[in-house]
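One structure below.
The values are calculated or read from the model by the stated rules, or taken from the named source; none is laboratory data. As the structure is a prediction and not an experimental result, all values here were calculated from the model. Neighbour counts run over all protein chains shown; Cβ positions are idealised from the backbone, glycine included. The accessibility values were calculated without ligands, DNA or RNA, using every heavy atom of the protein model including side chains. Shrake-Rupley method; radii C 1.70, N 1.55, O 1.52, S 1.80 Å.
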Number of protein chains: 2
Amino acid sequence: MAAVEKKRVSILGSTGSIGTTALALIARFPDRFEVTALAAGRRVAEVKAQVEQFRPSLVSVADVDDARELAEQLKGTSTRVTHGAAGLVEVATAPDTDVLLSALVGAVGLEPTLAAVDKGCTVALANKEVMVVAGELLCRRAAASGARVLPVDSEHNAIFLALQGHRRQDVRRLVLTASGGPFRGLPREKLARVTREQALDHPNWDMGDKISIDSATMMNKGLEIIEARWLFDVDPSTIEVVVHPQSIVHSMVEYVDGSVVALMAIPDMSIPVACALSWPDLLDLDYLPRLDLARAGTLSFEAPDTKAFPCLDLAWRALALGGSMPAVVNAANEVAVARFLADDIAFLDIAALIGDVMAGHQPVACDKIEPLLEADGEARERAGGWSAD
Amino acid sequence: MAAVEKKRVSILGSTGSIGTTALALIARFPDRFEVTALAAGRRVAEVKAQVEQFRPSLVSVADVDDARELAEQLKGTSTRVTHGAAGLVEVATAPDTDVLLSALVGAVGLEPTLAAVDKGCTVALANKEVMVVAGELLCRRAAASGARVLPVDSEHNAIFLALQGHRRQDVRRLVLTASGGPFRGLPREKLARVTREQALDHPNWDMGDKISIDSATMMNKGLEIIEARWLFDVDPSTIEVVVHPQSIVHSMVEYVDGSVVALMAIPDMSIPVACALSWPDLLDLDYLPRLDLARAGTLSFEAPDTKAFPCLDLAWRALALGGSMPAVVNAANEVAVARFLADDIAFLDIAALIGDVMAGHQPVACDKIEPLLEADGEARERAGGWSAD
């Protein structure tokens, strides 16, 4: 086999679920990857261990005091330490980066990801809120700079793959699959009493807390509809959602002749992360369990219950209203999920809160980042002050 | 939309199941296709109606007397009439053909299909016995002439599509799906007493008699394994079979990263026929029912029962023995199916006959057509004389 040049990877969110999955892959394929820069939040001990293992030239943490302490500990190494919002941008635009894995959670990833896109860097995008809040803006800037955006989300990665080798004009529908989350089949009455622990217990995926709650409310799928609209530049009416509890079919593309290309795999984020980091090469992940359909036995599909899970419709409505409204939905959802995780509001309050915050917002055009950040800030404030009566 | 040049189509087997499906498509898309030449067997009234509708420049029927009568009826038109084995080759090599649909049933399609391949003509191949009997030879000749072979079989068409946009070195497995036929789940004891009518009653597909019986014995899948080995130039060990009773997933390709590309569609041969005729364009078949997975509800998968359906293993063994052995399996199977359809032998005798004929054959190399035809002839003779005691 011919020697392959190493890809130089930088990671925003290196201690999160996607970040650690990526670093585990990079460790397994030392001939294929090296690490240029890492950014983490407050898990300083973990990021220190990552720096010692992967020896990036730059590392950033959230807090200035943590950064000082880490710099002290890394004295004498070739790794420079930085911090805060500026540190995220520095990591995102680190020289000698072939692919930036954008894997922060929430709108905090927006500015650094846009900075990498403006530089023309390939972005492996796991931070779906970036595309939800600023999809139009990001795609326009990527077109201008020539940056490529490769989706890491299993659903969008599946659609990306299912589009390969086909002509865009032949696409009839994008079909996003949804596991339905831990509460699939429950009526609204029962959803009113579900707990934080039940909501965090996803049947198929081992994910971060925010995404687990989004999956339980199905807002996760709502955000993915918005994301798909921009990632694949399609009319929202061509995007559909089907519930598929086994999470084996990760999404599908239907073509004009009626054929449907479905991307299947075991539910393991290593696969889409590896795809996005190594594309157009595929890594041989022969150590993973294989998909054995005869053993799986059954794949089932059903229409989503939009009455029990109103977040799906909220996202559709935000896409129809356009402009800054998706940013408002995202911001309100982030705050609502945080408040639910803090036992401050109930499960069904999440959708009620988002609906109320949306009702109080007049969408504005989003051709610049400022009005988006402003809408985001206002929505967070109203979401923080929301109460259930 | 830009004007598209019309594809000029010739058809071997125009009155069969695939041939009529193709002509129905061509009639629906008069701006995309025109018909150059047609070959049929003994259904003279039907082929006459086809000639009147599509006005090809050449038509061939099996019998010389039929040809004479047809020529009389078509006097004054621009359609020339020919007949017999030479007529098939004439149709297959008709000038001004962009794509030949090779849709005869059985080894009779071998010579005309090879003739088209030698000319460098694109061949839409529905006649799987051609690839089973002479796969190696046909692929070598296609490589030499530059002819392209596009599979029409729903399974191979699915694999062809699932390979698009991917690198061949990244393929880990080809997974052929099998409906399991009308007798899926029956034990051997019950299979001993099944009738011709039961065997012809396929649960999902409306097909010709020969293919329906092959599906009931699962020899259909055995022949498809051999076909896939040559069509996609893969080691036989990378081909697997999984039973999927709903016939919605038409086949799959697994890649080295563990992702599986599955091609789904409603079970309607219009879709793969349209694909093979129009490739690399796709036709908009908006009049067909769409695949509605939420309504379908469940896709199920199971391992094949090779004890109840020994034909699958016979085909694997033939591929392992190589040379002329696949041709022998195909010939013995054709005769066995004909004898079963004539109520001359029982259902389980089909596999017993093929096994006995295989046991009596020493495989020889198949770098020319002559030894293949010789093996074919001998196998047919022994299969005709076989009796169950």
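Structure notes:
- Within the range B:158-174, the residues that become at least 10 Å² less accessible when every protein chain is included than when their own chain is isolated (1.4 Å probe; DNA, RNA and ligands ignored) are B:LEU161, B:GLN164, B:GLY165, B:HIS166, B:ARG167, B:ASP170, B:ARG172, B:ARG173.
- Net dipole in debye of the range A:322-389 [+1 Lys, Arg Cβ; -1 Asp, Glu Cβ; about Cα centre; nearest 20]: 120
- Site pair A:ASP65 and A:ALA24 shows an inter-label distance of 3.3 nm when each label is modelled 7 Å from Cα along Cα→Cβ.
- Sites A:ASP367 and B:ARG140, calculated FRET efficiency, Cβ-Cβ separation with R0 56 Å, nearest 0.05: 0.45
- Where both bridge residues fall in chain A, DSSP classifies roughly 30% of the beta bridges as antiparallel.
- Note on the range A:7-152: Cα-Cα pairs beyond 18 Å make up 50% of the total pair count.
- Where rotation carries A onto B, the chain A residue whose Cβ is nearest that axis, in whole Å: A:GLY165, 1
- In a reduced charge model with +1 at each Lys and Arg Cβ and -1 at each Asp and Glu Cβ, chain B shows a dipole moment near 500 debye about its Cα centre.
- Per the Kirkwood formula applied to alpha carbons, the protein assembly as shown shows a radius of gyration over Rh ratio, Rg over Rh, of 1.05.
- Protein accessible area in the range A:1-147, 1.4 Å probe - carbon and sulfur %: 49
- Set B:LYS190/B:LYS221; A:LYS128/A:LYS368; B:LYS221/B:LYS307 screened for pairs whose C-alpha atoms are more than 24 Å apart: none
- Magnitude of the charge dipole, the range B:276-389, Cβ model with Lys/Arg +1 and Asp/Glu -1, debye to 20: 240
- At q = 0.25, 0.29 Å⁻¹, base-10 log of I(q)/I(0) for the range A:322-389 (Debye sum, equal scatterers on each alpha carbon): -0.98, -1.23
- Under 19 Å of direct C-alpha separation, and excluding same-chain neighbours fewer than eight residues apart, A:LYS7 reaches these lysines: A:LYS119.
- With its label point put 7 Å out from Cα toward Cβ, A:GLU370 sits 8.7 nm from the same residue's point in the other copies, in order from shortest.
- Ligands, DNA and RNA left out, the 1.4 Å accessible surface of the range A:322-389 is 51% carbon and sulfur atoms.
- Remark: accessible area buried at the A-B interface is about 3600 Å², both chains counted, probe radius 1.4 Å.
- Given charges at Cβ of Lys, Arg, Asp, Glu: the range B:104-227 dipole, positive-most of B:MET219, B:VAL152, B:LEU163: B:LEU163
- Whole-angstrom gap from the range A:1-64 to the range B:5-47, using each part's C-alpha centre: 59
- Within a straight-line Cα-Cα reach of under 16 Å, A:LYS75 can be paired with the following lysines, leaving aside sequence neighbours fewer than 8 residues apart in one chain: A:LYS48.
- Note on chain A: helix-only mean residue ellipticity at 222 nm, from DSSP H runs of 4+ residues weighted -39500 (n - 2.57) and normalised by residue number, equals -14000 deg cm²/dmol.
- Candidates A:GLU334, A:GLU129, A:GLU52, ranked by Gaussian network fluctuation over chain A, Cα under 10 Å, top entry: A:GLU52
- Dipole of chain B, positive direction: furthest Cα of B:ALA315, B:THR122, B:GLN362, with charges on the beta-carbon: B:THR122
- For chain A, relative contact order (Cα pairs under 8 Å, six or more residues apart, normalised by length) works out to 14 percent.
- Rounded to the nearest 5, the antiparallel percentage of DSSP beta bridges internal to the protein assembly as shown is 35%.
- Ordering B:MET131, B:ALA107, B:ALA49 by Cα displacement along the dipole of the range B:7-152 toward the positive end leaves B:MET131 in first place; charges were set at the Cβ atoms of Lys, Arg (+1) and Asp, Glu (-1).
- Nitroxide proxy distance, nm - points 7 Å out along Cα→Cβ at A:ASP31 and B:ASP209: 5.9
- Å² per residue, accessible surface of chain A at 1.4 Å: 39
- Against the compact-protein benchmark of 2.2 N^0.38 Å, the Cα-based radius of gyration of chain A scales to 0.96.
- If R0 is taken as 22 Å, the Cβ-Cβ distance between A:ASP389 and A:ARG196 corresponds to a FRET efficiency of 0.55.
- Spatial separation of Cα centroids for the range B:289-359 and the range A:217-237, in angstrom: 45
- In whole angstrom, the range A:120-181 maps to an equivalent ellipsoid with semi-axes of 21, 17, 11, each derived as √(5λ) from the alpha carbon gyration tensor and ordered largest first.
- For the range B:237-385, the fraction of alpha-carbon pairs lying more than 26 Å apart is 49 percent, rounded to a whole number.
- Burial annotation for the range A:248-267: residues with an accessible-area loss of at least 20 Å² between the isolated chain and the complete set of protein chains, computed on heavy atoms with a 1.4 Å probe, are A:MET252, A:VAL256, A:ASP257, A:GLY258, A:SER259, A:VAL260, A:VAL261, A:ALA262, A:LEU263, A:MET264.
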